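A short worksheet on the structure shown next.
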Amino acid sequence: MSIHRESRINKMGVFKPGWGRNAEGQQKKHVDQMNLPEKEFLTYLLKDMKDSFKIHPHLQEKQQKNLLSFDILTIRRTLGSRSLMKFIREYSVIEKGDGFVDRRVLIRSPKREKVYIKNVGRVWCNLVFVVSLDTSQIITAYYSHQNHKYETNEERYTKNLQIV
């Protein structure tokens, strides 16, 4: 489904309802499975990149093709927020075939935006984005319905995954 945000800047995006999927070689840990020191560690790493992150080429391509647009300030403000720990939803580790390991954090921005969804109408959504801790890049972004819950699904998450 395509999203068009009605504003002075024509913002568009992809609405991703429901459960996500795990990529091959990926393990995830839900925020409810993390202890306080793990959340504090992730927050520390994320806050450090609020002014230095880059946009992944795949995400830049989506923007250039007008498949997705978002306010970069929303990401910057979320990463710089004193409440950042509350916006973390998942931690994941992806082991690439070449031995490279990429640690990522999925973050849901607190900013609600009224978004027009084709064939549905205007819906309140939040920007969700994934940050690579190893490349300091925003890997992907999408809008999620404001009532979407990132619940712990035992099949999808690895409870004992180390956050390092």
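The values are calculated or read from the model by the stated rules, or taken from the named source; none is laboratory data. Remember, it's a predicted structure, so these values are computed and weren't measured experimentally. Here Cβ is always computed from backbone atoms with ideal geometry, including for glycine, and neighbour counts include all displayed protein chains.
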Worksheet item: Residues in the stretch 31-90 that are acidic (D, E) and in contact with a strand residue (DSSP E or B) (Cβ under 9 Å, 6 or more places away or on another chain): how many?
Response: 3
Worksheet item: Of all residues in the stretch 34-79, how many are more than 18 Å from S132 (Cβ to Cβ) and small (G, A, S)?
Response: 1
Discussion item. If a residue counts only when it is among the hydroxyl-bearing types (S, T, Y), which strands (runs of 3 or more DSSP E) contained entirely in the stretch 85-137 have at least 3 such residues?
Written reply: none
Discussion item. If D102 meets every condition in (1) under 16 Å from Q26 (Cβ atoms); (2) loosely packed, with under 12 Cβ neighbours inside 10 Å; (3) touching a residue at least 24 places away in the same chain (Cβ under 8 Å); (4) charged (D, E, K, R) apart from one, which number is that one?
Written reply: (2)
Response to the item:
Only unsatisfied item for L46, checking (1) modelled with pLDDT under 95; (2) under 24 Å from Q162 (Cβ atoms); (3) of a type in the set (A, V, I, L, M), is (1)
